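The block underneath contains the structure these notes are about, expressed in structure tokens.
The values are calculated or read from the model by the stated rules, or taken from the named source; none is laboratory data. Worth saying up front: this structure is predicted, and the values here are computed from it rather than measured. FYI the Cβ positions are ideal-geometry reconstructions off the backbone, even for glycines, and counts take in every protein chain you see. Areas reflect the complete protein model, heavy atoms only, side chains present, ligands, DNA and RNA absent. Shrake-Rupley method; radii C 1.70, N 1.55, O 1.52, S 1.80 Å.
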Amino acid sequence: MSELNKQSIEVPGATVPFFTYTIGETQYFEFDTSKCGPPEPMVNAMAGLKMIDGPNKKVVMINHKKPMGLLDKIGENYDIATEKMDDGRVKLIFSYKSGESENADLNDAACHG
């Protein structure tokens, strides 16, 4: 895998490092919560998703498993691609969904289970 020119970025409310990089016209915001326990994956995903304000921005989440609580909460507000990584972790790529992403409730990072 080619190493992208990742830059560290400050994300309000995040508890893990975030990185940003660009591929073509798209800006990506990536974070890894694969070593974190709840509620950190949800908290960081909510912080990251606040940066998706158009179709040229995506959030990449690397987690130890598919975050079902998160997907139940905001799954209909974003287009989400999921891929299993070679080491067993899961990579989720959240993309802007016109007319839906604006409606996501990103201020309530609690898991309601």
- Query: Computed from these coordinates, which is log10 I(q)/I(0) by the Debye sum over Cα atoms at q = 0.10 Å⁻¹: [x] -0.40; [y] -0.25; [z] -0.64?
  - Reply: [y]
- Counting only protein chains, not ligands or nucleic acids, how are 40, 25 ordered by accessible area (probe 1.4 Å), most first? 25, 40
- Do the alpha carbons of any pairs in 66/91; 58/97; 57/84; 35/91 sit beyond 19 Å of each other, and which pairs? 57/84
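What number comes out for the charge environment of residue 92, summing +1 per Lys or Arg and -1 per Asp or Glu over other residues with Cβ under 12 Å away? Don't skip to the answer; put the middle values down first.
Working: positive: 58, 65, 66, 84, 89, 91; negative: 30, 32, 79, 83.
Surrounding charge for residue 92 is +2.
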- Message: If the only charges are +1 at each Lys and Arg Cβ and -1 at each Asp and Glu Cβ, what is the size of the charge dipole of the chain around the Cα centre, to the nearest 20 debye?
- Response: 240 debye
- Query: What's the local net charge at residue 20, with K and R +1, D and E -1, over the other residues with C-beta under 10 Å away?
  - Reply: +1
- Which net charge results for the neighbourhood of residue 101, defined as the other residues with beta-carbon distances under 12 angstrom from its beta-carbon, given Lys and Arg at +1 and Asp and Glu at -1? -2
- Expressed as a percent, the accessible surface of the chain that is carbon or sulfur, using a 1.4 Å probe and the full set of protein chains, is 49 percent
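Please label the shape of the stretch 60-113 as rounded, prolate or oblate, based on the square roots a ≥ b ≥ c of the eigenvalues of the alpha-carbon gyration tensor (a/c under 1.5 means rounded; beyond that, a/b larger than b/c means prolate, else oblate).
Details: a/c = 2.88, a/b = 1.45, b/c = 1.98.
It comes out oblate by the Cα gyration axes.
Using only DSSP helix segments of four residues or longer, with each worth -39500 (n - 2.57), what per-residue ellipticity at 222 nm results for the chain after dividing by its residue count and rounding to 500?
Numbers: 2 runs with 17 residues, N = 113.
Taken over the chain, the calculation gives -4000 deg cm²/dmol.
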